[in-house]
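Only the coordinates and a few stated rules stand behind these numbers; no lab work does. Because the structure is predicted, anything quoted here is derived from the model rather than measured. Ideal geometry is used to build each Cβ from the backbone, glycine not excepted, and the neighbour counts take in all protein chains shown.
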Amino acid sequence: MKIHEYQGKQLFRNASIAVLESHVARTAQEAADAYKTLGGSIAVVKAQIHAGGRGKGTFAEAPSQHGVQLVRSAEDAANAAANMLGKHLITIQTGTEGALVNQVLVEAGCQIDRELYLGIVLDRAAAMPVLMVSSEGGVEIEKVAAETPEKIFREHFHPAVGLQSFQVRKLCKKLGITGPAARAADSFMKRLCKLFVNLDCSLVEINPLVITQGGEMVALDAKINFDDNALFRHPDLKEMRDLNEEEPAEVRASNAGLSYVKLDGTIGCLVNGAGLAMSTMDIIKYHGGEPANFLDVGGGATTEQVVEAFNIILSDKNVKAVLVNIFGGIARCTTIATALIEASKQIGISIPLVVRLEGTEVEEGKRMLAESGLAMITADDLTDAAKKVVAAAANT
């Protein structure tokens, strides 16, 4: 689960991690009032969407406007907010359609001495979280990793112990941080690592992390993602979820207990098991097609869930053919066959449907489908299924 920058900064405040004073605005007038409340000579108005690259991003309705703007008066703040609210911000992470801006953050300015990058993720190979820092603050970390990877420094830490002072000193030496800023870094980085563990985060990222001219370390950004599987421990965090920022089909799938991710292709995939679903997408691409989604109905899928899965797949207007790839284990082939027949009755399937069944009760499942009168293409194995669905999608 992702949250907005303003929500992340509130979590930082709760953990005594330094951030600047800021206020959320949902109208131009609220942005002007926020500027006055801050009381400084400058402020920054930031579009609030679940995507990075906002500073360089532009609006579909106003290409000359950017998602982060410096303002020097209440009137400037109101104009900046008016240019953002209700418009679609296009960044390197949103795709060409952009993301609708429903609120902005008006934040106080500060005297910046240096800009850094800081991020925490889980290193699965090491089975520990890893803190990453770089001197290239304000630059997309993907670009730094690709062009100058030697500028990214890492320290792993045990979640039960946390980041240690000697590790902070090592990072400060590599970044050239000394004096008061190094002392600020010790408490800042330790608290951030503790927050990552305590809130079951999957990502904490600050870009830029700044050192002020007074030697303070301050988070000018706050990007936080949480492990969905741990949200039952954090009911307060679940309240921060903004469904307006999520793909409606993915929300619908989540409510039905399905694992679904929308993609840009033309071949819908209905598979049981995440590994098999990934393999199915890979083999579709290998044979020249593009998957329209990742969809794992799970091992214990019911008829109702499979019918809903079809509804979700077919709601994507780009889908020209569907591949059903089932290896019957917990979810028996007869369950899938029943669901296919029921889905055809309820919603109709007007595009080519390729079905590959294998495993528990496969013969009975195939018999049910054959006797149903469904217009479908059967496949003997996964390679055969992939070739047939790619050809069917190309001819639709």
| Relative contact order of the range 248-394, defined on C-alpha pairs under 8 angstrom at six or more residues apart (%) | 24 percent
| said: Going by Cα centres, the range 327-396 and the range 1-63 are how many Å apart? | reply: 49 Å
| query | Dipole size in debye (nearest 20) for the chain around its Cα centre, Lys and Arg Cβ +1, Asp and Glu Cβ -1? | reply | 920 debye
| request: Let me know the shape class of the range 112-238, please: from the alpha-carbon gyration tensor, a ≥ b ≥ c as square roots of the eigenvalues, rounded when a/c is under 1.5, otherwise prolate if a/b is greater than b/c, or oblate. | output: prolate
| Relative contact order (%) - the chain, alpha-carbon pairs under 8 angstrom, separation at least six | 12 percent
| request: Step through the table entries Lys2/Lys190; Lys174/Lys238; Lys56/Lys194, compare each Cα-Cα distance with 26 Å, and write down the pairs that go over it. | output: Lys174/Lys238; Lys56/Lys194
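Can you give the extra length, in nm with one decimal, that the chain gains between Thr58 and Gln29 once fully stretched, where that is 0.36 nm per residue apart less the Cα-Cα distance? The partial results should precede the final answer.
Working: separation 29, 0.36 × 29 = 10.44 nm, distance 2.23 nm.
Gain in length upon complete extension: 8.2 nm.
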| query | Once a ≥ b ≥ c are taken as the square roots of the eigenvalues of the Cα gyration tensor of the range 21-108, is the result rounded (a/c under 1.5), prolate (a/b larger than b/c) or oblate (a/b not larger than b/c)? | reply | prolate
| For the chain, what is the convex hull (Cα atoms) projected area averaged across all directions, in square nanometres? | 21.9 nm²
| Can you list the lysines whose alpha carbon sits under 16 Å from that of Lys388, skipping same-chain ones fewer than 8 residues off? | Lys285, Lys320
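Can you tell me the FRET efficiency between Thr383 and His234 if r is taken as the Cβ-Cβ distance and R0 is 35 Å, rounded to the nearest 0.05?
Values: r = 44 Å, r/R0 = 1.25.
Calculated value: 0.20.
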| remark: Share (percent) of C-alpha pair distances in the range 349-389 greater than 13 Å works out to 53 percent
| message | Compute the helix-to-body angle for 165-175: its Cα long axis versus the longest principal axis of the chain, expressed 0 to 90° and rounded to tens. | response | 80 degrees
| task | Work out the FRET efficiency for Ser279 and Thr37 from their Cβ-Cβ distance, taking R0 = 45 Å, and round it to the nearest 0.05. | result | 0.25
| task | May I ask for the distance between the Cα centers of the range 214-252 and the range 292-311, given as a whole number of Å? | result | 26 Å
| note | Which residues qualify? For Arg114, with a placed amide H closer than 5 Å and at least 5 residues away or on another chain, they are Ile211
| note | Residue-ordered couplings for the range 296-309, obtained by feeding phi - 60° into the Karplus form 6.51 cos²θ - 1.76 cosθ + 1.60 and rounding to whole Hz (Gly and Pro as x), are 10, 7, x, x, x, 5, 9, 4, 4, 5, 5, 4, 5, 4
| task | Return, ordered by residue number, the residues of the range 205-238 whose backbone nitrogen is under 18 Å from a label point located 7 Å along Cα→Cβ of Ser259. | result | 226-232
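What does the extension gain come out to for Glu115 and Arg169, with contour length at 0.36 nm per residue minus their alpha carbon separation?
Working: separation 54, 0.36 × 54 = 19.44 nm, distance 1.81 nm.
Separation in residues times 0.36 nm, less the Cα-Cα distance, equals 17.6 nm.
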| said: Multiplying the sequence separation of Tyr286 and Glu147 by 0.36 nm and subtracting their Cα-Cα distance, what value in nm do you get? | reply: 47.2 nm
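Given a Förster distance of 22 Å, report the FRET efficiency between Leu203 and Asn14 from their Cβ-Cβ distance, rounded to the nearest 0.05. Can you show the working numbers first?
Values: r = 18 Å, r/R0 = 0.83.
The value I calculate is 0.75.
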| field | Degrees, to the nearest 10: 333-346 long Cα axis against longest axis of the chain | value | 90 degrees
| query | In debye to the nearest 20, how big a dipole does the range 248-394 give about its Cα centre with +1 on each Lys and Arg Cβ and -1 on each Asp and Glu Cβ? | reply | 320 debye
| said: Suppose only helical runs count, i.e. DSSP H with n ≥ 4. What mean residue ellipticity at 222 nm does that imply for the chain under -39500 (n - 2.57) per run, divided by all residues and rounded to the nearest 500 deg cm²/dmol? | reply: -11000 deg cm²/dmol
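With a/c under 1.5 counting as rounded, go ahead and sort the range 248-394 into rounded, prolate or oblate using the C-alpha gyration tensor (a ≥ b ≥ c being the square roots of the eigenvalues; past the cut-off, prolate if a/b is larger than b/c, else oblate). Walk me through the intermediate numbers first.
Values: a/c = 1.28, a/b = 1.09, b/c = 1.17.
Judged from the Cα gyration tensor, the range 248-394 comes out rounded (a/c under 1.5).
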